[in-house]
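In what follows, a structure is listed as structure tokens, so that the remarks can point back to it.
Bear in mind that the values in this text are calculations on the coordinates, not laboratory data. Model, not experiment: these values are computed from the prediction. Cβ coordinates were reconstructed from backbone atoms using ideal geometry, including for glycine residues, and neighbour counts include every protein chain displayed.
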Amino acid sequence: MPERPELEYVAPILDRELADKQITGLRIKKPVVLRLLRLGTPEQLLLGRSFAGVIRRGHFLVFGLAGEPEIDIAIHPMLAGRFALAASADRVPGDLAVGFHLQDGRELRYRDDVQMGKVYVVGREEWEKVPGLSAIGVDVLDKRAFTRGRFRQLARRRRDQVKVFLLDKSALDALGNAYADEVLWAAQIHPKAMVRKLGDDDLDRLHDAIVEVLGEARAEVARRQPPLDEKVRDFLNVRGRSGEPCKRCGSKLRRARVHADDAIFCPQCQPDERGSSIVNWRKVPPLSQR
């Protein structure tokens, strides 16, 4: 799925390209992804409206629309969603879910070949109707808000596995499956470790890994400047590399289930709670020294 580094790259580009552009037509190829949370047809709600800003919120992109009543389009790409801008007359890809024709002859395309993502049309004051949109946690790339102390406070309330905690957008803004694996590998913590069993040193190391991994990924995606619909992940250390040698110790990376998600981890560097492949956490250096 597109995660924070990709969405933070895409959002300002779409904000610039769509500014004041009017929606003149719709192409709804996969109706299952469209959710209307206001009365009316898609045409009644959207045609003639102009875009008035695009922001990232959690793992959503929210497209503000000008006019009354105040309406937003909130898109959660989920597993396989992606965005594109193309000429309306260009070939329609088979994975097109919803297209928004613009007055300048282009089309904003939301593409999703597995139809897991959702396109919500929702009132601006009614975001609570969209699962996961209104309740957003602390911004993990805000140095003033996301301190080691604040992270410890959040963690001490948890009674679940650490990867589940990292994926909770109402607690942390925001990690997805891929970058949660990267963070846990960097911090050398098993994805199924119980949060309540992590010491302060573990939590500080995990906090620092979140900041470093997401910050570096955001910078790398921006540096690459990929097309809007391209997901750049070849620089990741563990995600997508199950069965390959760990870049740190050479052990074979493994896959595990963590609730509804999978996790890629190193059994040597990230020992499980039973003590296999034991690591003395007190001797693990901070990320800046590795």
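What to note about this one:
- Backbone phi angles across the range 179-184, fed through the Karplus curve with coefficients 6.51, -1.76 and 1.60 (θ = phi - 60°), yield HN-Hα couplings of 6, 5, 4, 5, 5, 5 Hz in residue order; Gly and Pro are listed as x.
- Simple spin-label estimate for T147 and V92 in nanometres, 7 Å along Cα-Cβ: 5.5
- Near R218: Cβ cut-off under 12 Å, other residues only, Lys/Arg at +1 and Asp/Glu at -1. The net charge is -2.
- Dipole magnitude of the range 138-289, debye to nearest 20 (Cβ charges: Lys/Arg +1, Asp/Glu -1, about Cα centre): 460
- For K118, a cut-off of 20 angstrom between C-alpha atoms picks up these lysines, skipping any fewer than 8 places away in its own chain: K29, K30, K129, K169, K231.
- Ranked packing of 109-121, 24-36, most packed first, by mean Cβ within 10 Å: 109-121, 24-36
- 3J(HN,Hα) from dihedral phi, the range 255-267, Karplus parametrisation 6.51/-1.76/1.60, rounded to Hz, x for glycine, proline: 10, 9, 8, 10, 6, 8, 10, 9, 9, 10, 8, 9, x
- Using θ = phi - 60° and Karplus 6.51 cos²θ - 1.76 cosθ + 1.60, couplings along the range 103-115 (whole Hz; Gly, Pro as x): 5, 8, x, 9, 9, 7, 10, 9, 10, 7, 7, 10, 6
- For the chain, the mean residue ellipticity at 222 nm estimated from helices alone is -7500 deg cm²/dmol, where every DSSP H run of n ≥ 4 contributes -39500 (n - 2.57) and the total is divided by all residues, rounded to the nearest 500.
- Candidate lysines - alpha carbon under 24 Å from K252, same-chain residues fewer than 8 apart omitted: K163, K192, K283
- Whichever aspartates and glutamates have a C-alpha closer than 16 Å to that of K197, once near sequence neighbours (fewer than 8 apart) are set aside: D160, D272, E273
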